[in-house]
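Undergrad: Please see the structure below; I have some questions.
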Amino acid sequence: MKLLVCILDDFYKDQVEKELREKGYRMTELASSGGFLRRGSTTFLFGANEDDLPTLRDSLKEACLNVEKTKQRKDKKTHRYTSFLIQSGDLSHLLTNR
């Protein structure tokens, strides 16, 4: 099991959430702020099996492209989202009681 952390521009948030839920992906959505992608970001956490990661990444990209087909961006940003993959074994220290 892997954890995919995806920091997404808010411009894409609603459509990405809708399309990925329709495809059966479960996610946790966190409102995020700060300077990572400048402003207006949402962080999605996805739990996925190794075999499902290519399909999940393709689905993220496809959802963003669908938004761009229907909505015109005023500013031309180069990043739709940034994602980080974390091995579930790396999280075991967070799950222990202290």
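The values are calculated or read from the model by the stated rules, or taken from the named source; none is laboratory data. Small disclaimer: the values here were computed from a predicted structure and weren't measured. As a convention, Cβ positions derive from the backbone with ideal geometry for all residues, glycine included, and neighbour counts pool all protein chains shown.
Every residue, every condition in (1) part of a strand (DSSP E or B); (2) loosely packed, with under 10 Cβ neighbours inside 10 Å; (3) of a type outside the set (A, V, I, L, M); (4) modelled with pLDDT of 70 or more, yes or no:
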{"site": "Asn66", "(1), (2), (3), (4)": "no, no, yes, yes"}
{"site": "Gln72", "(1), (2), (3), (4)": "no, yes, yes, yes"}
{"site": "Lys76", "(1), (2), (3), (4)": "no, yes, yes, no"}
{"site": "Ser92", "(1), (2), (3), (4)": "no, yes, yes, no"}
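Undergrad: Follow-up. For the structure I just gave you, tell me whether Lys2 is among the basic types (Lys, Arg), over 12 Å from the mean Cα position of the chain (by Cα), more than 13 Å from Tyr81 (Cβ to Cβ) and at pLDDT 90 or above.
TA: So Lys2 fails the test.
Undergrad: Does the range 78-90 hold any residues that are small (Gly, Ala, Ser) and modelled with pLDDT of 75 or more, and which are they?
TA: Within the range 78-90, Ser83 is the sole residue that qualifies.
Undergrad: May I ask you to list the residues in the range 36-63 that are out of contact with any strand residue (DSSP E or B) (no Cβ under 7 Å at 6 or more places or on another chain), within 13 Å of Leu8 (Cα to Cα) and either modelled with pLDDT under 90 or among the basic types (Lys, Arg) (or both)?
TA: Passing the criteria: Arg38, Arg39, Arg57, Lys61.
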